[in-house]
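Here the structure is laid out as structure tokens; the discussion comes afterwards.
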Amino acid sequence: MSGASHDLGYLPKTRVEAFSDGVVAIIVTILVLEIKVPRLEGDRLDDQLLAALWHALPLVGAYAVSFMVLLVFWVAHHQLMHSLRRVDRNLLWLNGLFLMILAFVPAPTALIGEYPNAVAGSVLYGAVLALAGLSFAAMRIYITRHGALLHEVVPAAAARQAVRKGLLSPILYGLGAALAVVDTRLAWGIYVIVPLIYILPGAFDRMPHQSLD
């Protein structure tokens, strides 16, 4: 009975994964819906279309970067959930906070597309991604401090290394937001590089899936 009562504070992770995947899918859909087909009339439609496409390039570029950022977060979230045996109430709230911040990404993306030369859009973009990175790092830190949530086969060293690597994201995005005040091109150089850093798997990501089943 004592073991059963001890487990009452824990919950299965399947609904967390399903809900999170659904939210990310909606965010990506909203992101692409910001790219609209231009409505043109009159003569020289080809010239008008070329001009409209040229005008849309900042939004398309911001969409591509945002999609990569969301994809990196989704892959990292999937790996994190896969490493867990179960979740608890606190982790549910931390996961909800992460998704809430991530759902705001389409707003600065659209702002940049509409006003590509405005500093405020690039600052807001970096700030939102920095907050998303911090909230995801908070989940990692919480999990490493509550080892009962993790599979027994997950090495503690690998979990701590994942936390350190995860903290790099908000630092770089925060730096990008600060640099945007000086030159938005410097900021976007960082925004493009950060997802590339996380494409390469770390020790936490390379753990065999069979051992976690």
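The values are calculated or read from the model by the stated rules, or taken from the named source; none is laboratory data. What you see is a predicted model; the values in this text were computed from it and never measured. Don't worry about glycine lacking a Cβ; one is built from the backbone with ideal geometry, like all the others, and counts go over all protein chains shown.
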Name every residue in segment 82-109 that is among the aliphatic types (A, V, I, L, M) and modelled with pLDDT of 90 or more, in order of residue number. Val87, Leu91, Leu92, Leu94, Leu97, Leu99, Met100, Ile101, Leu102, Ala103, Val105, Ala107
Result of the Cβ filter at 7 Å on segment 193-206, keeping first residues that are closer than 24 Å to Leu175 by Cβ and surrounded by 12 or more Cβ atoms within 10 Å (Cβ to Cβ) and partners that are among the hydroxyl-bearing types (Ser, Thr, Tyr) and modelled with pLDDT of 60 or more, at least 6 apart or interchain, is Val194/Ser169; Val194/Tyr173
Among the residues of segment 168-179 satisfying the criterion of being within 15 Å of the chain's Cα centre (by Cα) and surrounded by 15 or more Cβ atoms within 10 Å (Cβ to Cβ), which is farthest from Pro195 (Cα to Cα)? Gly174
Check on Phe19, closer than 30 Å to Leu149 by Cα and crowded, with 16+ Cβ neighbours inside 10 Å: no
Does at least one position in segment 32-51 carry a residue that is touching a strand residue (DSSP E or B) at 6+ places or on another chain (Cβ under 7 Å) and either within 16 Å of Leu102 (Cα to Cα) or modelled with pLDDT under 75 (or both)? no
Across segment 96-120, which residue is nearest to Trp54 (Cα to Cα) among those that are free of Cβ contacts under 8 Å to residues at least 24 places away in the same chain and small (Gly, Ala, Ser)? Ala118
Which of (1) more than 15 Å from Ala18 (Cα to Cα); (2) among the aromatic types (Phe, Trp, Tyr); (3) in contact (Cβ under 8 Å) with a residue 12 or more places away in the chain does Trp93 not meet, given it meets every other one? (3)
When His146 is evaluated against the numbered criteria (1) out of contact with any Pro (no Cβ under 7 Å at 6 or more places or on another chain); (2) touching a residue at least 12 places away in the same chain (Cβ under 8 Å); (3) closer than 18 Å to Tyr173 by Cα, which criterion, by number, is the only one it fails? (3)
So the check is Cβ under 6 Å with 6+ separation or different chains; which pairs have a first residue in segment 63-85 that's within 15 Å of Leu149 (Cβ to Cβ) and a second one that's in a helix (DSSP H, G or I) and acidic (Asp, Glu)? Met81/Glu17
